[in-house]
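I have placed the structure first, in the form of structure tokens, so that the comments after it can refer back to it.
The values are calculated or read from the model by the stated rules, or taken from the named source; none is laboratory data. Everything quoted here is computed from the prediction, not taken from an experiment. FYI the Cβ positions are ideal-geometry reconstructions off the backbone, even for glycines, and counts take in every protein chain you see. Please note that ligands, DNA and RNA were not included when accessible areas were found on the heavy atoms of the full protein model with its side chains. Shrake-Rupley method; radii C 1.70, N 1.55, O 1.52, S 1.80 Å.
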Amino acid sequence: MAHIYRAFYAPMLRMNAPSGMPTKVPFLFNNILKRILKDYRPEYLGIVFDPSGPTFRDKLFEKYKSQRQPMPDEMRVQLPYVKKLCQAMRIPILEMAGFEADDVIGTLAKKAAESDLEVLVVSNDKDMMQLVGKKCERCALERAGRKPT
């Protein structure tokens, strides 16, 4: 979701379809995906989304993320189109009820590294740094023109 938020808040003019529907998020998300595919040529790739509904952390701590602002409606209406883009590109979409995307990413990265696969986690979330190890790297795509790290 971090890349979706990044696309939504990107400093550029609004983009709309002729119907008036905003389209900036799927457009910029597509650019991010194309860059990952071009720069890294992954053998395996999956996109992980936060599911709707509470997670196990919400059940453990009632006020978990209570200070967080709700997702803007203009961004929410674009999410189905991001998912349709992934489906059109035949990229698996991963969601697990009760777990945040970061939990799913972490589990998959750790299991893949344990299976001796080279893992690259593409995320702007600094919490993902705890996954970095011998077989797992983290990549934060920076603004256009900069090399991925």
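Annotations
- Kirkwood hydrodynamic radius (C-alpha pairs) into Stokes-Einstein, region 2-46, 10 °C and 1.306 mPa s, D in µm²/s: 136
- Other-chain or far-sequence residues with amide H under 5 Å of E137's (modelled H): V119, L120, V121
- Placing +1 on the Cβ of every Lys and Arg and -1 on the Cβ of every Asp and Glu, with no other charges, gives region 1-107 a dipole of roughly 380 debye about its Cα centre.
- Residues of type aspartates and glutamates that K24 reaches as a straight line, Cα spacing below 13 Å, ignoring anything fewer than 8 places off in the same chain: E74
- Residues I91 and E137, FRET efficiency given R0 of 22 Å [Cβ-Cβ distance, rounded to 0.05]: 0.65
- Nearest-0.05 FRET efficiency for R14 and K59, computed from C-beta distance (R0 41 Å): 0.60
- Looking at the chain, the accessible area is 69 square angstrom per residue; that uses a 1.4 Å probe and ignores ligands, DNA and RNA.
- Measuring nothing but protein heavy atoms, the accessible surface of the chain at 1.4 Å probe radius is 55 percent carbon and sulfur.
- Global form of region 62-130, assessed from the alpha-carbon gyration tensor, a/c cut-off 1.5: oblate
- Extension gain (nm, one decimal) between K34 and Q130, 0.36 nm per residue minus Cα-Cα: 31.9 nm
- Of the whole protein surface, M129 contributes about 100 Å² of accessible area at a 1.4 Å probe radius.
- Cβ-defined net charge surrounding M128, 13 Å radius [Lys, Arg +1; Asp, Glu -1]: -3
- Rounded accessible area of F56 (nearest 10 Å², 1.4 Å probe): 80
- Normalised by 2.2 N^0.38 Å, where N is the number of residues, the C-alpha radius of gyration of region 20-91 stands at 1.38.
- The convex hull drawn around the Cα atoms of region 1-133, when projected onto a plane and averaged over every direction, covers 9.6 nm².
- For K84, the accessible surface of its heavy atoms amounts to roughly 120 Å² (probe 1.4 Å, protein chains only, rounded to the nearest 10).
- Figure legend: label point modelled 7 angstrom from the Cα of Y5 along Cα→Cβ; residues of region 49-85 with amide N under 13 Å from it are 50, 65-72.
- Between the listed residues A10, I91, M128, the Cα displaced farthest toward the positive end of the dipole of region 1-137, a dipole computed from Cβ unit charges relative to the Cα centre, is found at A10.
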